[in-house]
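Enquirer: Questions regarding the structure given below will be posed in turn.
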């Protein structure tokens with residue numbers, strides 16, 4: 001995956017994490033003063049929802065789908 005596509009993909013993934021419902025359900029707001037930012041994000045990515053799936057799991061599956069199941073034309 002070349003640079004522009006990679007940057008766009010990172011932007012899309014970040015937008016998913018900024019959705020209010022995602023922040024409320026997964027961000028460790030009760031620890032925001034005691035956690036370093038990278039640890040807070042790691043905690044958010046690893047928090048599992050009611051379906052026992054984390055954002056990290058969702059992103060891995062999303063990337064697998066894009067890189068292995070789609071053609072270059074479909075990705076654009």
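Enquirer: Taking Cα atoms, how many degrees apart are the long axis of helix 37-46 and the longest axis of the chain, rounded to 10 and kept between 0 and 90?
Expert: The answer is roughly 70 degrees.
Enquirer: Can you give me the angle between helix 3-18 and the longest principal axis of the chain, using Cα atoms only, in degrees from 0 to 90, rounded to the nearest 10?
Expert: With both axes taken from Cα atoms, the answer is about 30 degrees.
Enquirer: Additional query: Based on the Kirkwood radius over alpha-carbon pairs, what is the Stokes-Einstein translational diffusion coefficient of the chain at 10 °C with 1.306 mPa s viscosity, in µm²/s?
Expert: Values: Rh = 13.8 Å.
Value of D from the Cα-based Kirkwood radius: 115 µm²/s.
Enquirer: Taking a label point 7 Å from the Cα of residue 27 along the Cα→Cβ vector, which residues of the stretch 1-20 have an amide N closer than 13 Å to it?
Expert: Answer for the stretch 1-20: 15-20.
Enquirer: Something else: Label residue 20 and residue 57 with points 7 Å out from Cα along Cα→Cβ: what is the distance between them in nm?
Expert: Each label point is offset 7 Å from its Cα along the Cβ direction, giving 2.7 nm.
Enquirer: Go ahead and estimate [θ] at 222 nm for the chain from helices alone: -39,500 (n - 2.57) per DSSP H run with n ≥ 4, summed, over the residue count, rounded to 500. Intermediate results must be reported in sequence, preceding the final value.
Expert: Numbers: 5 runs with 47 residues, N = 76.
Theoretical 222 nm ellipticity from helices: -17500 deg cm²/dmol.
Bear in mind that the values in this text are calculations on the coordinates, not laboratory data. Treat the numbers as computed from the prediction; the structure is a model and nothing was measured. Reconstructed Cβ throughout: ideal geometry from the backbone, glycine too, with neighbour counts over all protein chains shown.
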